[in-house]
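What follows is one structure encoded as structure tokens, with my remarks underneath.
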Amino acid sequence: MSNLKHIPSSDPIYTSGSLHVEQARIAISDLVKDLITESQKRGESDAIECIALDQAINRILAKDLLSPIDVPVADNSAMDGFAFHGDCLGNSEDLVTLKVVGTAYAGKPYEGVIASGECLKIMTGALMPSNCDTVIPQEFTEPQSPSDGTLVSFKQNRVKRGENRRLRGEDLQSGKPAISAGRLLRPSDLGLAASLGISELQVHRKLRVAILSSGDELRRLGQALEAGNIYDSNRYSLIGLLKRLDLEIIDCGIVRDDPASLKVAFIDAASKADVLISSGGVSAGEADFTKQIMQELGDVGFWKIAMRPGRPMAFGMLRPTQGANHKTLFFGLPGNPVAVMVTFYQFVRSALLQLNGASQTEPPLMHAIAEAPIRKRPGRTEYQRAILGRGSDGKPTVKLTGSQGAGILRSMSEANCFVILSHDQGNVASGDWVDVALFDGLL
Ligand code: AMP
Ligand code: MG
């Protein structure tokens, strides 16, 4: 089947003008959906694997994780305090005095029965005795004199009946989904699975992602630089970006700007991978060259996207082996080092997650106050590099990191977020709220 309907380069509005970031995202997401449907139809057997819980961070859950137990498994205390039967409570400030008849610890329940007028000293997490329904926290009890012995007093209205007790099945009932399929597994998910006694998870297999850099000027680390040469930095930024997603990375190195080498490299990389990400060689001066090869290998659109940095980008699907089923999603990112990271953030990351079965693929946006004016021309989406901080009033603020040229990687390195200025937005005044995307997720 042809996927050209998804690849707007054949449409004159895209070749003459610029493609809106949102249109590009939709086209990418549509093609990914098609690829998923096709692979499901083929019933690919290696699509899911069962792995140990401690290996599952950043993987994507393939099936709903059903809880085998109620959580909590039994009623227990939410506080350190005293458990009793709530009959004795009321609306007044009158004191209730109860006799402490024993202690229950987490993991060491109290076996006896608590009679009227009695209570049990209880620790957080300890099982509630069967005939108690309320816990008065330690700090809500009246100061005791040594002569009070084993008595404890508190005002009747200090707690309500049933408070400070966690009920069996309150968080989760047996048989209900604890984590839904499609979750990108985070530390809390591993903890949650462990709390249910689950030691293995069914996850989607790791995506195989090939990367290559193209350009005659590029040199590998360790090589000498001659006039006009630069080190290939994009592959390293990409490796870092991909490692955050826990994928299998196939590093295909540097390729020269000549059609024969490019073709061989693209076929080789695409045939080994689910996704191929290249950088360089898609800007106006070089695209014709790459386009010709892509026409032979698959359906690829060459986009001018209304964004800065990152205007030129190629996107589509390659069929490296004639007649075979294997299709490779292809991103031809621009060569500029910042543009590589911006286009990865805006387009590639979500597509990789979607292709790997994730249900939530968009990174969250937040808002912060611009510390200084930002110049912005309506008609394109801009990604300015910035540092998110906090003003003296405690509100979040952002400050740009110096010169914002697309080749200035230091502006990225010093930043901890993008300020994202939307397509129609104009100049930003100092004190305006702007959209911000943090580079790092903490939990
Ligand atoms: P291109 O998109 O190939 O026209 O490249 C645009 C700019 O990015 C040029 O200045 C290239 O030298 C630079 N560039 C391309 N690829 C890389 C790379 N892998 N590492 C660092 N800079 C690159
Ligand atoms: Mg180039």
Check your understanding: Going by the conditions given, is residue 254 in contact with a Leu (Cβ under 8 Å, 6 or more places away or on another chain), of a type in the set (Val, Ile, Thr), within 15 Å of ligand 2 (Cβ to nearest atom) and open to solvent by 10 Å² or more (accessible area, probe 1.4 Å)?
Key -> yes
Practice item. At least 1 residues that are among the acidic types (Asp, Glu) in each: list the strands (runs of 3 or more DSSP E) lying fully within the range 325-443 that qualify. Key: 381-390, 433-438
Exercise for review: Would you mention how many residues in the range 243-289 are closer than 17 Å to residue 218 by Cβ and in contact with a Cys (Cβ under 8 Å, 6 or more places away or on another chain)?
Suggested key: 2
Check your understanding: Any residue in the range 275-290 that is open to solvent by less than 10 Å² (accessible area, probe 1.4 Å) and away from ligand 2 (no atom under 16 Å from the Cβ)?
Key -> yes
Study note, to complete from the structure: Going through the range 122-139 in order, the residues found to be open to solvent by 70 Å² or more (accessible area, probe 1.4 Å) and either part of a loop (DSSP other than H, G, I, E, B) or closer than 19 Å to residue 89 by Cβ (or both) are 130, 138, 139
Point to revise | Given (1) within 16 Å of ligand 1 (Cβ to nearest atom); (2) of a type in the set (Ser, Thr, Tyr); (3) over 16 Å from residue 28 (Cα atoms), index of the condition residue 343 fails | key: (3)
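So, in the range 347-365, of the ones that are hydrophobic (A, V, I, L, M, F, W, C) and open to solvent by 30 Å² or more (accessible area, probe 1.4 Å), which residue ends up farthest from residue 315 (Cα to Cα)?
Kept after step one, since they are hydrophobic (A, V, I, L, M, F, W, C), are these residues of the range 347-365: 347-348, 351-353, 355, 358, 365.
Okay, now just the ones that are also open to solvent by 30 Å² or more (accessible area, probe 1.4 Å), so 355, 365.
Numbers: 355: 15, 365: 25 Å.
Among those that are hydrophobic (A, V, I, L, M, F, W, C) and open to solvent by 30 Å² or more (accessible area, probe 1.4 Å), it is 365.
Quick one: how many residues across the range 320-339 are touching a residue at least 24 places away in the same chain (Cβ under 8 Å) and more than 16 Å from ligand 1 (Cβ to nearest atom)? Show your work before the answer.
Residues of the range 320-339 touching a residue at least 24 places away in the same chain (Cβ under 8 Å): 320-321, 325-339.
Subset that is more than 16 Å from ligand 1 (Cβ to nearest atom): 320-321, 325-329.
Qualifying residue count for the region: 7.
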**Study point:** Sole exception among (1) more than 16 Å from ligand 1 (Cβ to nearest atom); (2) in contact with a Leu (Cβ under 9 Å, 6 or more places away or on another chain); (3) open to solvent by 70 Å² or more (accessible area, probe 1.4 Å); (4) among the aliphatic types (A, V, I, L, M) for residue 184, by number
**Key:** (3)
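When you look at residue 218, is it crowded, with 19+ Cβ neighbours inside 10 Å and within 16 Å of ligand 1 (Cβ to nearest atom), yes or no? Spell out how you get there, then give the answer.
Working: crowded, with 19+ Cβ neighbours inside 10 Å: yes; within 16 Å of ligand 1 (Cβ to nearest atom): yes.
Yes: the conditions hold for residue 218.
Looking only at the range 173-193, which residues are of a type in the set (Gly, Ala, Ser) and outside any helix (DSSP H, G or I)? Walk me through it before giving the result.
If we filter the range 173-193 for residues that are of a type in the set (Gly, Ala, Ser), which is where we start, we get 174-175, 178, 180-182, 188, 191, 193.
Matches in the range 173-193: 174, 175, 178, 180, 181, 182.
Assess whether residue 36 counts as being touching a residue at least 40 places away in the same chain (Cβ under 8 Å), part of a helix (DSSP H, G or I) and open to solvent by 30 Å² or more (accessible area, probe 1.4 Å). Please lay out each step first, then the result.
On the way: touching a residue at least 40 places away in the same chain (Cβ under 8 Å): yes; part of a helix (DSSP H, G or I): yes; open to solvent by 30 Å² or more (accessible area, probe 1.4 Å): yes.
The answer is yes for residue 36.
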Review point. Residue check: is residue 186 within 25 Å of the chain's Cα centre (by Cα), away from ligand 2 (no atom under 16 Å from the Cβ) and within 30 Å of residue 258 (Cα to Cα)?
Key: no
**Study point:** Qualifying positions in the range 58-94 - under 20 Å from residue 133 (Cβ atoms), assigned to a strand (DSSP E or B) and open to solvent by 20 Å² or more (accessible area, probe 1.4 Å)
**Key:** 71
Review point. In the range 332-364, how many residues are closer than 30 Å to residue 283 by Cβ and either within 16 Å of ligand 2 (Cβ to nearest atom) or modelled with pLDDT under 95 (or both)?
Key: 13
Review point. Here are some residues: 201, 212. Which one is over 30 Å from residue 90 (Cβ atoms), in contact with a Phe, Trp or Tyr (Cβ under 9 Å, 6 or more places away or on another chain) and in a strand (DSSP E or B)?
Key: 212
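Listed residues 125, 112, 175, 162; which is among the small types (Gly, Ala, Ser), modelled with pLDDT of 95 or more and farther than 30 Å from residue 52 by Cβ?
Values: 125 fails: farther than 30 Å from residue 52 by Cβ; 112 fails: modelled with pLDDT of 95 or more; 175 fails: farther than 30 Å from residue 52 by Cβ.
After applying the criteria, what remains is 162.
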Review point. Applying the selection to the range 397-422, what residues are modelled with pLDDT of 95 or more and open to solvent by 30 Å² or more (accessible area, probe 1.4 Å)?
Key: 399, 400, 416, 422
Exercise for review: Just need a number here: residues in the range 44-57 that are within 18 Å of residue 188 (Cβ to Cβ) and open to solvent by 60 Å² or more (accessible area, probe 1.4 Å).
Suggested key: 3
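Hey, among the residues in the range 140-151 that are assigned to a loop (DSSP other than H, G, I, E, B) and free of Cβ contacts under 8 Å to residues at least 60 places away in the same chain, which one's most open to solvent (accessible area, probe 1.4 Å)? Before you say what the answer is, go through the steps one by one.
So in the range 140-151, the residues assigned to a loop (DSSP other than H, G, I, E, B) come out as 141-145, 149-150.
Narrowing further to those that are free of Cβ contacts under 8 Å to residues at least 60 places away in the same chain: 142-145, 149-150.
Numbers: 142: 60, 143: 119, 144: 96, 145: 51, 149: 54, 150: 77 Å².
Here the residue is 143.
Any residue at all in the range 197-211 that's surrounded by fewer than 17 Cβ atoms within 10 Å (Cβ to Cβ) and without any contact (Cβ under 8 Å) to a residue 24 or more places away in the chain?
Here is the first cut: in the range 197-211, the residues surrounded by fewer than 17 Cβ atoms within 10 Å (Cβ to Cβ) are 197, 199-200, 202, 208.
So of that shortlist, the ones also without any contact (Cβ under 8 Å) to a residue 24 or more places away in the chain come out as none.
Taking every residue of the range 197-211 in turn, none turns out to be surrounded by fewer than 17 Cβ atoms within 10 Å (Cβ to Cβ) and without any contact (Cβ under 8 Å) to a residue 24 or more places away in the chain.
The values are calculated or read from the model by the stated rules, or taken from the named source; none is laboratory data. Computed from a prediction, not measured in an experiment: that's the story for all the values here. As a convention, Cβ positions derive from the backbone with ideal geometry for all residues, glycine included, and neighbour counts pool all protein chains shown. Keep in mind that these areas ignore ligands, DNA and RNA; they rest on the heavy atoms of the full protein, side chains included. Shrake-Rupley method; radii C 1.70, N 1.55, O 1.52, S 1.80 Å.
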